[in-house]
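The values are calculated or read from the model by the stated rules, or taken from the named source; none is laboratory data. Quantities reported herein were computed from a predicted structural model and do not represent experimental measurements. Cβ: placed from backbone, ideal geometry, glycine included. Neighbour counts: every protein chain shown. Protein only, heavy atoms only, side chains kept; ligands, DNA and RNA dropped before computing areas. Shrake-Rupley method; radii C 1.70, N 1.55, O 1.52, S 1.80 Å.
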Protein chains: 2
Amino acid sequence: DILERPEGLELGGDLRRVTIMMADIRGFTTISENLAPAQVVTMINRYLGAMTDIIMAQQGTIDEFIGDAILAVFGAPQRREDDADRAARCALQMQAAMDEVNRLNQADGLPEIKTGIALNTGDVIAGNIGSERRSKYGFVGHPMNVTSRIEDATAGGDILIADSTLQALRGNYQTEAGEPLKVKGIHELLRVHRLLGETT
Amino acid sequence: DILERPEGLELGGDLRRVTIMMADIRGFTTISENLAPAQVVTMINRYLGAMTDIIMAQQGTIDEFIGDAILAVFGAPQRREDDADRAARCALQMQAAMDEVNRLNQADGLPEIKTGIALNTGDVIAGNIGSERRSKYGFVGHPMNVTSRIEDATAGGDILIADSTLQALRGNYQTEAGEPLKVKGIHELLRVHRLLGETT
């Protein structure tokens, strides 16, 4: 049975420590209101294509695109020691790649876009979620909701990471303290850090 | 070309008037913290299985499961005159089906769950969203965000519908006024109605 499930994936769902990434284009709905539908789809797909390449190169698992938003996870189905580090490097490379995305947008007469990226590390339930007709490998748990709240607090160009992610990092990074966040269902304010770069 | 795209689906994306449904189990993250991972997945999948059957019977398009949340659309890729009505009947049937979901949960020693459902009608951009490696038929636009805000305001057992959906309904339904909602990016409060039943 273990050989048949080399990743240790339990059919019924299991608890996994993962680093969750949520990213979206800040203010994209407002930007899209001044564009033709085909332009909106061109912009989203150019952005998602560039981001997907980076996430896959860093061995992240893309859970979902929801409009212009990306939900990805590092550490499931396959756990690696450097899950948090790959997520952090992925986020830095994603922000760096926005210059090229915007160069192409500008060449097409399209507006500049900026993405905000949130990282959070915690234990989630991973499993095949859905119905007999339609199911997918998905994630449930409080850390998912917390990541969404951090994402809401990002500005364009930001990478905000939870204290849990900072603690999980093995490499050396430049960070600065972010404004603590109020998260529904948690009494204490959530400590977050702005990820600025990797120190070599 | 029109014959090849009988639904009128433009490859680049097009503007569609749709009724959007978002549903989720209220407080499920907290409920799930007291359960084993396999129990959590059993509960979610029982719920999603029952809801999916109803949504598909009403010809809704399931865009996504995100954890225990469901995003579905009525009116794309195929537009029908009764899109809003099928969405409303679907929501009523989904709430009615929760009795059976909870009967099965109780038989397994699992806690009761309640779902909140939001409906909103508006123009969204529909298209194939994603990258070359991975794309899906998806939706972008302000009405998506508004639906999410309405969903946030639902309590377990609620169906809250936007005024835009009420105006689009052709059948006769019992409704009562809900508390107007503050929505980010909109100056006026959003009028919502609680959908109670269909009048025959």
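Structure summary
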{"quantity": "Those residues of the stretch A:78-137 which are part of a strand (DSSP E or B) and more than 14 Å from chain B (Cβ to nearest Cβ), in sequence order", "calculated": "A:THR115, A:GLY116, A:ILE117, A:ALA118, A:LEU119, A:THR121"}
{"quantity": "Any hit, the stretch B:172-185, residues being surrounded by 15 or more Cβ atoms within 10 Å (Cβ to Cβ), within 30 Å of A:THR42 (Cβ to Cβ) and not acidic (Asp, Glu)", "calculated": "yes"}
{"quantity": "Residues of the stretch B:30-49 that turn out to be surrounded by fewer than 19 Cβ atoms within 10 Å (Cβ to Cβ) and facing chain A (nearest Cβ under 8 Å), as a count", "calculated": "4"}
{"quantity": "Any hit, the stretch A:14-24, residues being facing another protein chain (nearest Cβ under 7 Å), in contact (Cβ under 8 Å) with a residue 12 or more places away in the chain and outside any strand (DSSP E or B)", "calculated": "no"}
{"quantity": "Single residue of B:GLY60, B:GLY67 found to be at positive phi and either β-branched (Val, Ile, Thr) or surrounded by 21 or more Cβ atoms within 10 Å (Cβ to Cβ) (or both)", "calculated": "B:GLY67"}
{"quantity": "All positions within the stretch A:141-196 that are touching a residue at least 60 places away in the same chain (Cβ under 8 Å) and closer than 24 Å to B:ASP68 by Cα", "calculated": "A:PRO143, A:MET144, A:THR147, A:SER148, A:ILE150, A:GLU151"}
{"quantity": "Positions within the stretch A:141-160 being away from chain B (no Cβ under 14 Å) and touching a helix residue (DSSP H, G or I) at 6+ places or on another chain (Cβ under 7 Å), in sequence order", "calculated": "A:GLY157, A:ILE159, A:LEU160"}
{"quantity": "Selection from the stretch A:109-147 of residues that are out of contact with any Phe, Trp or Tyr (no Cβ under 7 Å at 6 or more places or on another chain) and among the polar types (S, T, N, Q)", "calculated": "A:THR115, A:ASN120, A:THR121, A:SER131, A:SER135, A:ASN145, A:THR147"}
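Yes/no per residue for (1) open to solvent by 40 Å² or more (accessible area, probe 1.4 Å); (2) farther than 20 Å from B:ILE25 by Cα:
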residue: B:ALA84; (1), (2): no, yes
residue: B:ASN102; (1), (2): no, no
residue: B:GLY130; (1), (2): no, yes
residue: B:GLY141; (1), (2): no, yes
residue: B:THR147; (1), (2): no, no
residue: B:ILE150; (1), (2): no, no
residue: B:ALA155; (1), (2): yes, no
residue: B:THR165; (1), (2): no, yes
residue: B:ARG170; (1), (2): yes, yes
